[in-house]
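Here the structure comes first, spelled out in structure tokens, and everything after it is commentary.
The values are calculated or read from the model by the stated rules, or taken from the named source; none is laboratory data. Quick caveat, the model's predicted, so the values are computed rather than measured. A quick note on method: Cβ atoms are made from the backbone with ideal geometry, for glycine too, and the neighbour counts reach across all protein chains shown.
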Amino acid sequence: MNYSIVKEPGHVTNLESMNCVDAGTENCPCYLALTGDCLICNRLQGKDYCGCNWAGVCIYNEFIQGNKRINNPRRDFEAKVIRRKIYNENLIVYVLDVGKGFSMKVKRPGSYLFARAKGARSFYDIPLSIMKTDVEQGYIYLAIKIISSKTKTLIQENDILMLRGPYRSGIHGISAIIDNKAKDQKILIVSKGIGIAPGALILQSLAGRASIDMIIDAEKISEEFIKDFIYPEKDTENIDIQYMSLYDKETNKKLEYLMQNNNYDSIILLVSDYYIGNLGNLVRRVLPTANLAVSNNFHICCGEGLCGSCSVDTSNGGSIKMCKCQLKGEELVKNLYQNTIIE
């Protein structure tokens with residue numbers, strides 16, 4: 001049985017929550033401002049009026065006052081490999097020394113970076129989610145699933161990795177959940193495979209702040225890996241871990257029962273496109289008012305909105321750069337994950 005998901009270009013409408021993840025940050029204005037392609041600022045799109053959603057900083061003013069230069073462009077830097085551990089033939093974890101400043105910047109869930117082996121050409125860059133941070137030591141943890149040429153080249157490196165970041169759009173809709181200060185927030189995380197890695201950072205960030213149920217489909221993932229990076233957070237009060245196979249037809253019924261019984265405030269789906277469509281529509285039906293966050297599974301290549309690999313066409317002829325845009329998870333599911341094909 002082959003599963004695939006239909007992402008429908010030309011049918012993306014009503015994206016009221018669309019925002020640029022870099023707007024108002026230290027990396028704004030960015031490269032897109034130079035070519036009149038800013039995602040937010042009308043003036044930097046060549047229009048003669050201002051109509052942005054205020055993000056605390058006037059992007060146009062920053063660009064003009066900065067002599068029309070981009071602000072703080074992300075650059076490659078070397079990171080020393082402190083240690084690495086092979087969990088199985090397809091999974092390896094690197095611990096890297098990046099300094100306290102960088103580790104602080106990437107501790108927010110949804111953060112990722114680009115990595116490659118030292119000496120490799122830039123087209124070997126791989127987007128990797130941050131799995132864990134140790135700000136005191138200045139370390140970060142990266143889980144790498146070995147798939148093809150890029151990852152096979154990367155894991156040959158034992159001493160130095162070349163990194164570029166931080167990037168912030170690894171999970172769509174995560175801001176509404178992370179920035180919620182309510183201590184009684186109830187969250188359901190559903191993760192499968194390497195999606196467990198960004199889930200570990202969410203647990204680290206929200207431990208003690210929320211009541212979290214985490215569903216893990218451990219197919220092709222080492223149990224030792226889960227014990228090393230998920231179970232330490234489980235010792236924190238109000239975190240519960242359960243194992244389920246998402247392939248099992250009964251799992252949807254179990255998840256529906258959990259949602260109805262616990263009335264979660266937020267749902268986070270760290271799964272493949274097929275399961276985002278399947279479970280995302282289940283969430284919209286059972287808990288229509290819950291915050292929904294989903295992993296960014298688009299083809300991220302440059303991270304800067306330049307190459308177009310992650311672009312999705314809109315119904316009015318525009319284009320959304322999914323590496324730069326942040327959307328509410330429910331809008332993403334409604335517009336891009338409506339139709340699943342089961343063959």
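Within region 136-154, not a single residue is basic (Lys, Arg), closer than 29 Å to Ala23 by Cβ and part of a strand (DSSP E or B). Of all the listed residues (Asp159, Asp179, Asp248), the sole one being more than 15 Å from the chain's Cα centre (by Cα), under 26 Å from Phe114 (Cα atoms) and free of Cβ contacts under 8 Å to residues at least 12 places away in the same chain is Asp179.
Yes or no, residue by residue, for (1) more than 19 Å from Arg108 (Cβ to Cβ); (2) more than 20 Å from the chain's Cα centre (by Cα); (3) part of a loop (DSSP other than H, G, I, E, B):
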residue: Leu201; (1), (2), (3): no, no, no
residue: Ile216; (1), (2), (3): yes, no, no
residue: Lys227; (1), (2), (3): yes, yes, no
residue: Tyr274; (1), (2), (3): yes, no, no
residue: Leu279; (1), (2), (3): yes, no, no
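Over 23 Å from Ala23 (Cβ atoms) and among the hydrophobic types (A, V, I, L, M, F, W, C): does that describe Leu246?
Criteria met by Leu246.
Here region 86-103 is the region considered, the condition is being under 30 Å from Ile59 (Cβ atoms) and touching a strand residue (DSSP E or B) at 6+ places or on another chain (Cβ under 8 Å), and the residue that is surrounded by the most Cβ atoms within 10 Å (Cβ to Cβ) is Val98. Against the list (1) part of a strand (DSSP E or B); (2) of a type outside the set (Asp, Glu); (3) over 13 Å from the mean Cα position of the chain (by Cα), the condition Gly305 fails is (1). For region 116-131, a residue qualifies if it is more than 18 Å from Gly195 (Cα to Cα) and either assigned by TED's automatic domain parsing to the domain that holds Ile178 or in a strand (DSSP E or B) (or both), and the qualifying residues are Arg116, Ala117. Summed over region 152-184, the residues that are buried (at least 18 other Cβ atoms within 10 Å of the Cβ) and not aliphatic (A, V, I, L, M) give a count of 11. Hey, could you check region 189-230 for residues that are among the hydrophobic types (A, V, I, L, M, F, W, C) and out of contact with any helix residue (DSSP H, G or I) (no Cβ under 9 Å at 6 or more places or on another chain) and say which is farthest from Asn262 (Cα to Cα)? Selected residue: Ile194. In region 278-291, the residues that are in the same structural domain as Lys249 (by TED's automatic domain parsing) and over 13 Å from Glu331 (Cβ atoms) reach residues that are acidic (Asp, Glu) and in a loop (DSSP other than H, G, I, E, B) with C-beta atoms within less than 7 angstrom, at least six apart or across chains, in these pairs: Ala290/Asp265. Checking each residue in region 170-199 for being small (Gly, Ala, Ser) and either outside any loop (DSSP other than H, G, I, E, B) or under 26 Å from Ile226 (Cβ atoms) (or both) picks out Gly170, Gly173, Ser175, Ala176, Ser191, Gly193, Gly195, Ala197, Gly199. Among residues of region 204-216 that are farther than 10 Å from Lys183 by Cα, those with a Cβ under 8 angstrom from a residue that is in a strand (DSSP E or B) and among the aromatic types (Phe, Trp, Tyr), sequence gap 6+ or separate chain, pair up as Ile215/Tyr243; Ile216/Tyr243.
Please pick out the residue among Arg83, Arg69, Arg108 that is in the same structural domain as Lys150 (by TED's automatic domain parsing), surrounded by fewer than 21 Cβ atoms within 10 Å (Cβ to Cβ) and in a loop (DSSP other than H, G, I, E, B).
Criteria check complete, one pass: Arg108.
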